[in-house]
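Participant: Handing you a structure now.
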Amino acid sequence: MKTALITGITGQDGSYLAESLLRDGYRVFGLQRRSSTITTERVEHLLEGGVTLISGDLIDENSLIRALEKTEPDEVYNLGAQSFVPTSWDQPILTGEITALGVTRMLEAIRIVNPKVRFYQASSSEMFGKVQESPQTERTPFYPRSPYGVAKVYGHWITINYRESYGIFTVSGILFNHESPRRGLEFVTRKVSFGVARIRAGFQKELRMGNLDAKRDWGFAGDYVRAMQLMLRQAEPDDYVVATGETHSVRELCEVAFARVGLDYRDHVVQDERYFRPAEVHVLTGDASKARRKLGWRPETDFKGLVHMMVDADMELVAAMIRSGAMTK
Ligand code: NAP
Ligand code: GDD
């Protein structure tokens, strides 16, 4: 039986990855940082079924060393990050500490405790930022546009550096935006799907949005965690772009999401400059042909299917909140 340690297990991807690893027969440990509120909502259903949480923080080197000594993993998936782009302008130093230096802390812990551990780094299409070519591949130069993007570029290169310096099996997955009903409420897809459900149920009339012309290559998180696992199972470590290759605007996202419940987004969506970013990533489109060729990976959920899945889930969630009294007019 193989053992995996996941940082960021309480996040969107951590929960899908843990489920997938359990299905593959892994013993799964997840690093959980201390918080005064409950953060295990997304993995609650797995705590009885094989996932063990262990306390630690990417800011605290000793906690990572202890986590590795205690869990003795074969594979480490480093998904922990300050991952919300706008927050990275408000807290650039914290973002650097967690999202950039946190990677080095984990790599150092691996080097000290067991350099045979295989390491996955959650890199991001945000690294391409002001894109230098389209579509973006593993060879496209980076031009990050946010402190978050800059921190991820550092994480990407330090991952490659530990591979080349110490021969550790490290891989960097350059994943384009991926979403699900478990997405945080502040990210655009979930903000829209939850907003649509609240509007449909009569709890609000308006949805205030930022740049409706921004375009993203959106996929389903459940598909993308499979690519992470496949990368660590190759004979040689390498880096891969993971994307659908299809790009849609935030405006199209609103159109499809509102139409799902019989509404016209133009009656409800208001563009509000308060949500504009100091520097925008206008358009991202990934070319995942290397992942298709070498990993045999391909996405199974398309854009429309993804948006419908998220709206349907939020319609059910809002209905359940009304029934339980958690949401009242
Ligand atoms: P997410 O839902 O925001 O989850 C982030 C996770 O990181 C949470 O479990 C969070 O814990 C944890 N974390 C934050 N600070 C930490 C710290 N100091 N020490 C340990 N853990 C910490 O993000 P996601 O969407 O699942 O994304 C997973 C990873 O992939 C992130 O690194 C993200 O930057 C990257 N990525 C995401 C996408 C995407 O479209 N989703 C695309 C490319 C790359 P709490 O629950 O305690 O906050
Ligand atoms: N969040 C948000 N809220 N975004 C909005 C809004 C809004 O009201 N209105 C328009 N947008 C636009 C943003 O300006 C951006 O261009 C796009 O929608 C997507 O925003 P997010 O969903 O917040 O995601 P992101 O692309 O900035 O970052 C996500 O994807 C990265 C991969 O490219 C995050 O998951 C990152 O952690 C990840 O690395």
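Participant: Quick one: Karplus J couplings for the range 268-276, per residue in order, coefficients 6.51, -1.76, 1.60, θ = phi - 60°, nearest Hz, x for Gly and Pro?
Facilitator: 10, 7, 10, 7, 10, 4, 4, 9, 6
Participant: Related question: For the range 279-329 and the range 52-128, write down the distance between their C-alpha centroids in whole Å.
Facilitator: 25 Å
Participant: For the range 112-227, what mean projected area does the convex hull of the alpha carbons give, in nm²?
Facilitator: Average of the hull's projected areas for the range 112-227 equals 9.7 nm².
Participant: Report the FRET efficiency, 1/(1 + (r/R0)^6), for Glu72 and Ile38, where r is their Cβ-Cβ distance and R0 is 30 Å, rounded to 0.05. Before the final figure, lay out each step's value.
Facilitator: Details: r = 28 Å, r/R0 = 0.93.
That pair, Glu72 with Ile38, gives E of 0.60.
Participant: Could you please report the charge total around His248, scoring K, R as +1 and D, E as -1 over all other residues with beta-carbon less than 12 angstrom from its beta-carbon?
Facilitator: Local net charge: -3.
Participant: Counting only Cα, what are the radius of gyration and maximum Cα-Cα distance Dmax of the range 150-294, in Å?
Facilitator: 18.4, 58
Participant: Which residues in the range 262-287 place their backbone N less than 20 Å from a point set 7 Å from the Cα of Glu206 along the Cα-to-Cβ direction?
Facilitator: Of the residues in the range 262-287, 263-277 have backbone N under 20 Å from the label point off Glu206.
Participant: If you don't mind, there's one more thing I want to ask. Determine, from the Cβ-Cβ distance of Phe276 and Asp302 and an R0 of 35 Å, the FRET efficiency 1/(1 + (r/R0)^6), rounded to the nearest 0.05.
Facilitator: 0.75
Participant: Quick one: work out the % antiparallel among DSSP beta bridges in the chain, nearest 5.
Facilitator: Of all bridge pairs located within the chain, approximately 5 percent are antiparallel.
Participant: log10 I(q)/I(0), Debye, Cα-only the range 199-265, no solvent, q = 0.20, 0.21, 0.23, 0.29 Å⁻¹?
Facilitator: Rounded to two decimals, the profile gives -0.90, -0.95, -1.03, -1.24.
Participant: Calculate log10 I(q)/I(0) of the chain for q = 0.15 Å⁻¹, where I(q) comes from the Debye formula with a single equal point scatterer on each Cα and nothing for solvent.
Facilitator: -1.30
Participant: What ranking of Lys215, Lys116 emerges when the number of other C-beta atoms within 10 Å of each C-beta is taken as an exposure proxy, fewest first?
Facilitator: Lys116, Lys215
Participant: What residues have an amide H closer than 5 Å to that of Leu53, excluding those fewer than 5 places away on the same chain, when H is modeled at 1.01 Å from N in the peptide plane?
Facilitator: Those qualifying (amide H under 5 Å, at least 5 residues apart or on another chain) are Gly30.
Participant: Kindly provide the helix-only [θ] at 222 nm of the chain, computed as the sum of -39,500 (n - 2.57) over DSSP H runs of four or more divided by all residues, to the nearest 500 deg cm²/dmol?
Facilitator: -11500 deg cm²/dmol
Participant: If you take every residue apart from Asp57 with its C-beta less than 14 Å away from the C-beta of Asp57, what net charge results, scoring Lys and Arg +1 and Asp and Glu -1?
Facilitator: Counting the neighbours of Asp57, the net charge comes to +1.
Participant: Using θ = phi - 60° and the Karplus relation 6.51 cos²θ - 1.76 cosθ + 1.60, list the HN-Hα couplings for the range 252-261 in order, rounded to whole Hz, with x at every Gly or Pro.
Facilitator: For the range 252-261, the Karplus-derived couplings read 5, 4, 4, 4, 5, 5, 5, 4, 4, 10 Hz, x marking Gly and Pro.
Participant: In what sequence do Met309, Met106, Met228, Met209 fall when counting other Cβ within 10 Å, fewest first?
Facilitator: In order of increasing Cβ crowding within 10 Å: Met309, Met209, Met228, Met106.
Participant: Looking at this model, which pairs from Lys215/Lys290; Lys191/Lys294; Lys116/Lys290; Lys152/Lys290 are more than 29 angstrom apart at the alpha-carbon?
Facilitator: With Cα atoms farther than 29 Å apart: Lys191/Lys294.
Participant: How do His156, His178, His282, His268 line up, fewest other C-beta atoms within 10 Å first?
Facilitator: His282, His268, His156, His178
Participant: At a temperature of 25 °C and a viscosity of 0.890 mPa s, determine how fast the range 12-114 diffuses translationally according to Stokes-Einstein, using the Kirkwood radius over alpha-carbon pairs as Rh; express D in µm²/s, rounded to the nearest whole number. Don't jump to the answer; show the numbers that get you there.
Facilitator: Numbers: Rh = 14.6 Å.
D, rounded to a whole number, is 169 µm²/s.
Read the figures in this text as sums done on the coordinates, not as results from a lab. Predicted model only: the values in this text are computed from it and were never measured. All Cβ positions, even for glycine, are placed from backbone atoms using ideal geometry, and neighbour counts span all protein chains on display.
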